[in-house]
Amino acid sequence: MRQIDHLIAGGTGGGAGARSGEVFDPNNGTVQAKVALGTSADLDRAVAAAQAVQPGWAATNPQRRAKVMFRFRELVERDLESLAHLLASEHGKVIADARGDVLRGLDVIEFACGIPHAQKGEYTQGAGPGIDVYSMRQPLGLVAGITPFNFPAMIPMWMFGPAIACGNAFILKPSERDPSVPVRLAELMLEAGAPEGLLQVVHGDKEMVDAILDHPAISAVSFVGSSDIAHYVYSRGVAAGKRVQAMGGAKNHGVVMPDADLDQVVNDLVGAAFGSAGERCMALPVVVPVGEKTANALREALIPAIDRLRVGVSTDAEAHYGPVVNAAHRAKIEQWIQMGVDEGAELVVDGRGFALQGHEQGFFIGPSLFDHVKPTMKTYREEIFGPVLQIVRAHDFEEALRLPSEHQYGNGVAIFTRNGHAAREFAHRVNVGMVGINVPIPVPVAYHTFGGWKRSAFGDIDQHGMEGVRFWTKNKKVTQRWPDGSATGENAFVIPTMG
Ligand code: NAD
């Protein structure tokens, strides 16, 4: 059986510890590899290798650091198809989605190629008599990232791209459910010319996460995953004196105003709710039609659109989405669906019990649609993270605005309307971090920043863009005064001469 090892000090191996995890092929339900579940001893080896190279990397001028990122970008593009297939084979998403996972990460690498500009400091000449003030953004040293299963290429690149470009060494602890692509990315960084030890991958579960959070040599941790764990990581990391950003779960709403273009909305909703089997933190699993007429028309249009969805294996170019990541996650989604029924919501389309011919053991689940979901229901308050869309009917704009604003999560939200005033009011007043106006998945481009509010993110600093540069650096402020040549005695300023 294939063994997936840590990548420490430029090489794999050494991950033959007592514990390992199973990596499934979600299309067939079989175990395709074993991944090492590391310990603090594995982490210590990675820390030592990182500490050996980081000062030299920090002292490398930013143009040279950027050159490595440029080469890495070219290599990822060269290997795009093999990366996408490897990713899909462990995650289950369809190839087009897997390609998108890699390419959205590459957008952040492209931003990191501009680090000579992005990391520049500020300068004020003559802030006082003969006094200048300037600032410089210095790397933190050794930093780490802990990532979820659902974007095994994009989210690691969100983190290590800017962190490494800024002069840090980076230890990545990817999800143990689909760990192969992160290892390939670290290998490509080596091929691009990064010194051994600059980007390393340690695999593991809670034991490795705790070792990272407690390690005194690691200055900052970026985390993306579910909210309870994000909160835990944030609290424990901050208690250990680290800078921490911890992105959590989501329950994004799409508000549909009576004047919205319904065909467009249905098309957008079906993609945003069911694409990638709903395993996206920016999925739209809740739709809020405003007024009974809108709700009834939307429901009628959604049913046939959902019916047309094709669930298939990752390599099926016609499939809209593939299997979910493992059997345990599918069982959990099915439990949520049953709970929705028990809570009194109307199950309009039931995706349970779906089996794909020839792949009966795969982790497939059909799309589900609920209507008459109430804000008091647990299935509305919690994240399901599967192909399940819930209709929550609102009487008017104010009620539709209150629903996402008062929800515990605040990652993304969208409004569909032709009315600019309604859209503007909504964008200004809604208590959510990322807003789409007629855009179902409002993920900001790489040179802006990404981050939700409330229980969708702990810590103040977003991912990537200039916030990424701020997160991965510390700002040093220098106030300088140089005596002029007219001073006498021991304060005299003498321009050094040769000879
Ligand atoms: P997860 O929380 O189970 O795992 C995330 C990471 O935490 C993994 O590396 C895992 O090994 C580690 N981990 C798991 N259990 C742990 C524990 N008890 N203690 C310490 N570490 C632990 O998340 P997941 O299932 O891999 O990913 C899906 C979740 O991530 C969803 O909730 C989704 O909304 C969220 N997500 C959020 C964003 C965002 O930007 N807000 C982006 C993508 C995914």
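The values are calculated or read from the model by the stated rules, or taken from the named source; none is laboratory data. These numbers were taken from a predicted model, which means no experiment stands behind them. For neighbour counting, all protein chains shown are included, and Cβ atoms are generated from backbone atoms with ideal geometry for every residue, glycine included. With ligands, DNA and RNA removed, areas are computed over all heavy atoms of the protein, side chains included. Shrake-Rupley method; radii C 1.70, N 1.55, O 1.52, S 1.80 Å.
Checked against (1) of a type in the set (A, V, I, L, M, F, W, C); (2) in contact (Cβ under 8 Å) with a residue 60 or more places away in the chain; (3) surrounded by 19 or more Cβ atoms within 10 Å (Cβ to Cβ), residue 430 passes all but a single condition, namely (2).
The condition of being more than 30 Å from residue 159 (Cα to Cα), open to solvent by less than 20 Å² (accessible area, probe 1.4 Å) and part of a loop (DSSP other than H, G, I, E, B) holds for only one of 386, 351, 340, that being 351. When you look at residue 3, is it over 30 Å from residue 274 (Cα atoms), of a type in the set (S, T, N, Q) and free of Cβ contacts under 8 Å to residues at least 40 places away in the same chain, yes or no? Yes; evaluated as a whole, the condition is true for this residue. Only one entry of 383, 399, 425, 406 meets the criterion of being within 30 Å of residue 242 (Cβ to Cβ), of a type in the set (D, E, K, R) and at pLDDT 95 or above, and that entry is 383. Taking the condition closer than 30 Å to residue 124 by Cα, open to solvent by 30 Å² or more (accessible area, probe 1.4 Å) and within 14 Å of the ligand (Cβ to nearest atom), does residue 461 pass? Yes; evaluated as a whole, the condition is true for this residue. Inside the range 221-239, residues that are among the polar types (S, T, N, Q), open to solvent by 30 Å² or more (accessible area, probe 1.4 Å) and within 11 Å of the ligand (Cβ to nearest atom) make up a count of 1. Listed here are the strands (runs of 3 or more DSSP E) enclosed by the range 405-489 that have at least 1 residues being under 30 Å from residue 129 (Cα atoms): 473-481.
A single entry from 186, 153, 169 fulfils the requirement of being within 28 Å of residue 231 (Cα to Cα), within 13 Å of the ligand (Cβ to nearest atom) and in contact with a Leu (Cβ under 7 Å, 6 or more places away or on another chain): 153.
Residues are listed down the side, and each one gets a yes or a no for (1) assigned to a helix (DSSP H, G or I); (2) open to solvent by 10 Å² or more (accessible area, probe 1.4 Å); (3) among the hydroxyl-bearing types (Ser, Thr, Tyr):
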position: 135; (1), (2), (3): no, yes, yes
position: 138; (1), (2), (3): no, yes, no
position: 144; (1), (2), (3): no, no, no
position: 148; (1), (2), (3): no, yes, no
position: 152; (1), (2), (3): no, no, no
position: 156; (1), (2), (3): yes, no, no
position: 159; (1), (2), (3): yes, no, no
position: 171; (1), (2), (3): no, no, no
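When residue 207 is tested against the conditions (1) surrounded by fewer than 24 Cβ atoms within 10 Å (Cβ to Cβ); (2) within 8 Å of the ligand (Cβ to nearest atom); (3) farther than 20 Å from residue 161 by Cα, the lone failure is (2). Here residue 400 passes the criteria (1) on the phi > 0 side of the Ramachandran plot; (2) part of a helix (DSSP H, G or I) except the one numbered (1).
Could you pull out the residue among 231, 203 that is in contact with a Leu (Cβ under 7 Å, 6 or more places away or on another chain), assigned by TED's automatic domain parsing to the domain that holds residue 163 and more than 14 Å from residue 143 (Cα to Cα)?
Of 231, 203, the one residue that is in contact with a Leu (Cβ under 7 Å, 6 or more places away or on another chain), assigned by TED's automatic domain parsing to the domain that holds residue 163 and more than 14 Å from residue 143 (Cα to Cα) is 203.
Select from the range 442-457 the residues that are more than 19 Å from residue 400 (Cβ to Cβ) and open to solvent by 30 Å² or more (accessible area, probe 1.4 Å) and list them in ascending order. Within the range 442-457, 443, 444, 445, 447, 448, 449, 455 qualify. I'd like to verify a number: residues in the range 173-187 that are in a loop (DSSP other than H, G, I, E, B) and either open to solvent by less than 10 Å² (accessible area, probe 1.4 Å) or in contact with a Pro (Cβ under 6 Å, 6 or more places away or on another chain) (or both), how many? Total meeting the criteria: 4. If you check 358, 410 for being farther than 21 Å from residue 295 by Cβ and away from the ligand (no atom under 16 Å from the Cβ), only one passes: 358.
In the range 115-125, is there at least one residue being open to solvent by less than 50 Å² (accessible area, probe 1.4 Å), farther than 24 Å from residue 190 by Cα and not in a helix (DSSP H, G or I)? Yes - at least one qualifying residue is present in the range 115-125.
Condition first: within 22 Å of the chain's Cα centre (by Cα) and at pLDDT 95 or above. Can you find one or more residues in the range 45-65 that meet it?
no
Of 195, 148, all but one fail to be in contact (Cβ under 8 Å) with a residue 24 or more places away in the chain, more than 23 Å from residue 66 (Cβ to Cβ) and either touching a helix residue (DSSP H, G or I) at 6+ places or on another chain (Cβ under 8 Å) or among the polar types (S, T, N, Q) (or both); the exception is 148.
Rundown of residues vs (1) away from the ligand (no atom under 16 Å from the Cβ); (2) assigned by TED's automatic domain parsing to the domain that holds residue 270; (3) in contact with a Gly (Cβ under 8 Å, 6 or more places away or on another chain), yes/no style:
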| residue | (1), (2), (3) |
| --- | --- |
| 199 | yes, no, no |
| 215 | no, no, no |
| 219 | yes, no, yes |
| 258 | yes, yes, yes |
